[in-house]
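The block underneath contains the structure these notes are about, expressed in structure tokens.
The values are calculated or read from the model by the stated rules, or taken from the named source; none is laboratory data. Predicted, not measured: the structure shown is a model, and the values here were computed from it. Neighbour counts run over all protein chains shown; Cβ positions are idealised from the backbone, glycine included.
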Amino acid sequence: MRALVDAGLLADDPGMEAVAARYAVAVTPHIADQIQEGSAGIAQQFLPTTAELRLTPEERLDPIGDAVHEAVPGVVHRYPDRVLLKPIHVCPVYCRFCFRREQVGPAGLILKPAELDRALDWIADQPAIWEVILTGGDPLVMAPAALGKLLARLDAIPHVETVRIHTRVPVVNPRKVDDAMLSALSNTQPVWIAVHANHPDELKPPAVHAALARLSQAGHPLVGQTVLLKGINDRVETLTALFRSMVKLRIKPYYLHQGDLAPGTSHFRVPLAQGQALMTGLRGHISGLCMPTYVLDLPGGAGKVPIEAAYIESCRDDGRYVVRDPWGTAHVYPPEA
């Protein structure tokens, strides 16, 4: 916290100490440079405010129910064919809206060797598991040797055919995407990389372009994850610029997440109806390549559901449907003969 004040990124406010005492705070030099260049869309994501001390009744320490579905330490089994594997709870930066903000931090969980062995043995004993999603924390902060060893062990499980990594690293610390990391990622079957970015400014720096190009050229498919955030990206114009930038950089926009009910994050959350209106504003106006699925991760661990506004308005007595187009005009389907 003191380093942010000394760098002129944060006011010397005693209230900030209370925020830092509860939630992890960290900013990479790359992100600090962007904030100093005047990107409010980035500053609001990473610089703490005393608004985080305001809690609301609906907020939860575990907003998406990881604990409910924890099979063994570090493994969350919410869906039949896939699991989350959380080897580390350390991140290069700490988003102020993080849904795991009560768990992540410099002293966050790192699975001990025996715990990792147990997690991998459990996955190996579950033949229905087709995909393993590495998350945390940020798996790409791991030492390349440790990451490569973990991926090799997953590759050796016959029924695990897909591995996905959720990460902020390419956009917050792009120089870390170096030869050692690429070697660790490339010794097994292609690893899908889910890149988290919320504002078009995050994708502007040439270093970010280079990091993403290195990943895609190494054969790793890239998908984009975005959290809908009040005052940061809750405008059609901002989302359009973000998703077009993703596609230009070979990232397929995948999910637009409704903000989770994490403690101290109410100032970031956008009403569901507004989120649906934003998706309606995008539909038909930008390429389908740029369209993510707008999802809500239901509190308590019930899983993700798409929540975009419905375009089928009704079903008539004759079995035909009334369907609204992206511009609001109603049509009968199938058309009258």
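Taking segment 173-218 as the range and being more than 27 Å from I157 (Cβ to Cβ) and of a type in the set (A, V, I, L, M, F, W, C) as the test, the residues that pass are A197, L203, A207, V208, A210, A211, L212, A213. Of all residues in segment 304-337, those satisfying the criterion of being in a strand (DSSP E or B) and either under 15 Å from L256 (Cα atoms) or among the hydroxyl-bearing types (S, T, Y) (or both) are K304, V305, P306, S314, Y321, Y333. Remark: W130 matches the filter, which requires a residue to be over 19 Å from N173 (Cβ atoms), surrounded by fewer than 16 Cβ atoms within 10 Å (Cβ to Cβ), touching a strand residue (DSSP E or B) at 6+ places or on another chain (Cβ under 8 Å) and at pLDDT 95 or above. Filtering segment 272-288 to residues that are without any contact (Cβ under 8 Å) to a residue 24 or more places away in the chain and closer than 28 Å to D62 by Cα leaves only A273.
Yes/no per residue for (1) touching a Ser or Thr at 6+ places or on another chain (Cβ under 8 Å); (2) free of Cβ contacts under 8 Å to residues at least 12 places away in the same chain:
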site	(1), (2)
I88	no, no
Y94	no, no
K112	no, yes
V132	yes, no
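A search for C-beta distances below 9 Å between a residue of segment 314-337 that is closer than 18 Å to Q276 by Cβ and not assigned by TED's automatic domain parsing to the domain that holds T280 and any residue that is hydrophobic (A, V, I, L, M, F, W, C) and in a loop (DSSP other than H, G, I, E, B), counting only pairs 6+ apart in sequence or on different chains, returns R324/A309; R324/A310. Only residues that are touching a helix residue (DSSP H, G or I) at 6+ places or on another chain (Cβ under 7 Å) and either assigned to a strand (DSSP E or B) or aliphatic (A, V, I, L, M) (or both) were counted across segment 52-83, and they come to 8. The criterion of at least 2 residues that are in contact (Cβ under 8 Å) with a residue 24 or more places away in the chain, in the same structural domain as A302 (by TED's automatic domain parsing) and more than 14 Å from the chain's Cα centre (by Cα) is met by the following helices (runs of 4 or more DSSP H) wholly inside segment 153-271: 179-186, 206-217, 236-248. One residue is enough: does segment 52-63 have a residue meeting the conditions hydrophobic (A, V, I, L, M, F, W, C) and buried (at least 20 other Cβ atoms within 10 Å of the Cβ)? Checked against the condition, which is being hydrophobic (A, V, I, L, M, F, W, C) and buried (at least 20 other Cβ atoms within 10 Å of the Cβ), segment 52-63 yields no hits at all. Between E70, E52, E37, the distinction of being without any contact (Cβ under 8 Å) to a residue 40 or more places away in the chain and not assigned by TED's automatic domain parsing to the domain that holds V163 belongs to E37 only.
I'd like the residue in segment 281-337 that is touching a helix residue (DSSP H, G or I) at 6+ places or on another chain (Cβ under 8 Å) and small (G, A, S) and, out of all such residues, is surrounded by the fewest Cβ atoms within 10 Å (Cβ to Cβ).
Residue satisfying both the conditions and the ranking: S287.
Residue count for segment 22-51 under the criterion of being over 18 Å from H199 (Cα atoms) and crowded, with 19+ Cβ neighbours inside 10 Å: the result is 3. Among the residues of segment 84-95, is any in a loop (DSSP other than H, G, I, E, B), assigned by TED's automatic domain parsing to the domain that holds H199, among the hydroxyl-bearing types (S, T, Y) and under 29 Å from L212 (Cα atoms)? Checking segment 84-95: at least one residue is in a loop (DSSP other than H, G, I, E, B), assigned by TED's automatic domain parsing to the domain that holds H199, among the hydroxyl-bearing types (S, T, Y) and under 29 Å from L212 (Cα atoms). Please work out if V19 is β-branched (V, I, T), part of a helix (DSSP H, G or I) and touching a residue at least 12 places away in the same chain (Cβ under 8 Å). For V19, the condition - β-branched (V, I, T), part of a helix (DSSP H, G or I) and touching a residue at least 12 places away in the same chain (Cβ under 8 Å) - is met.
Within segment 133-189, restricting attention to residues that are crowded, with 17+ Cβ neighbours inside 10 Å and small (G, A, S), the residue that is modelled with the lowest pLDDT is G136.
Name every residue in segment 31-89 that is under 26 Å from W130 (Cα atoms) and among the aliphatic types (A, V, I, L, M), in order of residue number.
Matches in segment 31-89: I64, A67, V68, A71, V72, V75, V76, V83, L84, L85, I88.
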